[in-house]
1. When VAL129 is evaluated against the numbered criteria (1) free of Cβ contacts under 8 Å to residues at least 60 places away in the same chain; (2) in contact with a Gly (Cβ under 8 Å, 6 or more places away or on another chain), which criterion, by number, is the only one it fails?
2. Restricting attention to the range 197-214, and to residues there that are without any contact (Cβ under 8 Å) to a residue 40 or more places away in the chain and under 21 Å from LEU59 (Cβ atoms), which single residue is least open to solvent (accessible area, probe 1.4 Å)?
3. Of the residues GLU147, GLU199, GLU183, GLU140, which single one is of a type in the set (Asp, Glu) and over 17 Å from the mean Cα position of the chain (by Cα)?
4. Please enumerate the residues belonging to the range 218-236 that are small (Gly, Ala, Ser) and over 30 Å from THR61 (Cα atoms).
5. Considering the range 169-196 alone, what residues qualify as being assigned to a loop (DSSP other than H, G, I, E, B), open to solvent by less than 40 Å² (accessible area, probe 1.4 Å) and farther than 21 Å from VAL117 by Cα?
6. Evaluate the following for GLU124: is it assigned to a loop (DSSP other than H, G, I, E, B) and of a type in the set (Asp, Glu)?
7. Those residues that are surrounded by 13 or more Cβ atoms within 10 Å (Cβ to Cβ) and of a type outside the set (Gly, Ala, Ser), I need them from the range 230-243; list them, please.
8. Inspect the range 203-213 for any residue being in contact with a Leu (Cβ under 9 Å, 6 or more places away or on another chain) and either modelled with pLDDT of 95 or more or acidic (Asp, Glu) (or both) and give the result as yes or no.
Amino acid sequence: MVIIDRKNPLPLYVQLKEAIIEKIENREWLAGEVIPTEFELQEQYNLSRTTVRQALGDLVTSGTLTRIQGKGTFVAEPKFEPTRPGVTGFTQDMIDKGHSVSSKLLDFSMVEASDRVSRIFNIEKNTMVLKIDRLRFVDEIPIGIHEVFLNVSITPGLQLEKYNLANVSLYEALRNEGIDLGEADETVEANVADEREAELLDISTGNLVLILNRTLSLKNGKPFEYTKMVYRADKFKYSIKLR
């Protein structure tokens with residue numbers, strides 16, 4: 001049990017955050033339940049109002065807690081959490097966790113490769129690549145924006161236009177087309193939502209988002225896919241198994 005200790009070098013608000021997280025992890029406070037008020041936490045832990053507000057504010061920002069105007073502060077629902085033992089698609093990740101998945105196709109077109117995409121694919125700038133832009137929903141909640149670029153110059157005969165990618169997994173469609181996927185590299189970083197991202201994800205501009213950048217090669221080692229994935233930080237958590 002976490003005890004607030006003024007001799008502990010950790011700031012008091014950090015200790016309070018740990019105490020609250022422990023209660024949630026131990027299921028003393030359940031998802032959807034209202035937690036004690038700021039005043040009650042002040043009394044319980046003998047802390048100042050400023051300390052309590054800072055701890056709660058941080059936990060709201062991280063998505064551990066959520067505030068409802070006029071009703072109080074609640075334990076947030078668990079974040080959607082894929083676990084990646086290998087190269088899998090978003091659809092399969094979420095289905096494996098028992099969620100329903102849907103998408104809205106925002107763009108499916110041939111575009112000129114940007115500087116970044118051309119460097120990743122090792123192709124001439126302005127070479128035409130296939131862009132697939134989708135808004136992803138989990139349990140009918142907008143969770144992420146997937147902007148995909150495919151180096152279709154190395155896969156002649158690829159016919160993705162015959163698939164309804166609003167409902168079909170892109171990786172499933174690629175495998176159906178006989179594309180042998182190889183290894184992928186991913187980076188993860190935090191950022192704040194711009195106006196477009198905020199509108200699509202139904203959040204406020206400036207809210208935290210989690211950004212994943214993935215580069216996927218074919219079995220022959222040639223870079224084939226570059227994807228930028230933007231997720232709501234209050235609804236999405238990323239887990240990786242290390243072996």
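The values are calculated or read from the model by the stated rules, or taken from the named source; none is laboratory data. Remember, predicted model here, so these are calculated numbers, not experimental data. Backbone-built Cβ (ideal geometry, glycine too); neighbour counts: all protein chains shown. Just so you know, the surface numbers come from the protein's heavy atoms only, side chains and all, with ligands and any DNA or RNA stripped out. Shrake-Rupley method; radii C 1.70, N 1.55, O 1.52, S 1.80 Å.
1. The one condition VAL129 does not meet is (2).
2. Taking the range 197-214 first, the residues without any contact (Cβ under 8 Å) to a residue 40 or more places away in the chain are 198-199, 203-207, 209-214.
If we keep only those that are under 21 Å from LEU59 (Cβ atoms) as well, we get 203-204, 206-207, 209-210.
Working: ILE203: 30, SER204: 69, GLY206: 41, ASN207: 66, VAL209: 2, LEU210: 33 Å².
Taking the candidates together, the pick is VAL209.
3. Numbers: GLU147 fails: over 17 Å from the mean Cα position of the chain (by Cα); GLU199 fails: over 17 Å from the mean Cα position of the chain (by Cα); GLU140 fails: over 17 Å from the mean Cα position of the chain (by Cα).
Going through GLU147, GLU199, GLU183, GLU140 in turn, just one is of a type in the set (Asp, Glu) and over 17 Å from the mean Cα position of the chain (by Cα): GLU183.
4. Taking the range 218-236 first, the residues small (Gly, Ala, Ser) are 221, 233.
Selection gives GLY221 alone.
5. Start the filter on the range 169-196 by keeping residues that are assigned to a loop (DSSP other than H, G, I, E, B), which leaves 169, 177-180, 193-194.
From what's left, open to solvent by less than 40 Å² (accessible area, probe 1.4 Å): 169, 179, 193.
Of everything in the range 169-196, those that are assigned to a loop (DSSP other than H, G, I, E, B), open to solvent by less than 40 Å² (accessible area, probe 1.4 Å) and farther than 21 Å from VAL117 by Cα turn out to be SER169, ALA193.
6. Details: assigned to a loop (DSSP other than H, G, I, E, B): yes; of a type in the set (Asp, Glu): yes.
It is true that GLU124 is assigned to a loop (DSSP other than H, G, I, E, B) and of a type in the set (Asp, Glu).
7. Initial filter on the range 230-243 (surrounded by 13 or more Cβ atoms within 10 Å (Cβ to Cβ)): 230-238.
Listed by number, the residues that qualify are VAL230, TYR231, ARG232, ASP234, LYS235, PHE236, LYS237, TYR238.
8. Step one: of the range 203-213, the residues in contact with a Leu (Cβ under 9 Å, 6 or more places away or on another chain) are 207, 209.
Cutting the leftovers down to either modelled with pLDDT of 95 or more or acidic (Asp, Glu) (or both) gives us none.
No.
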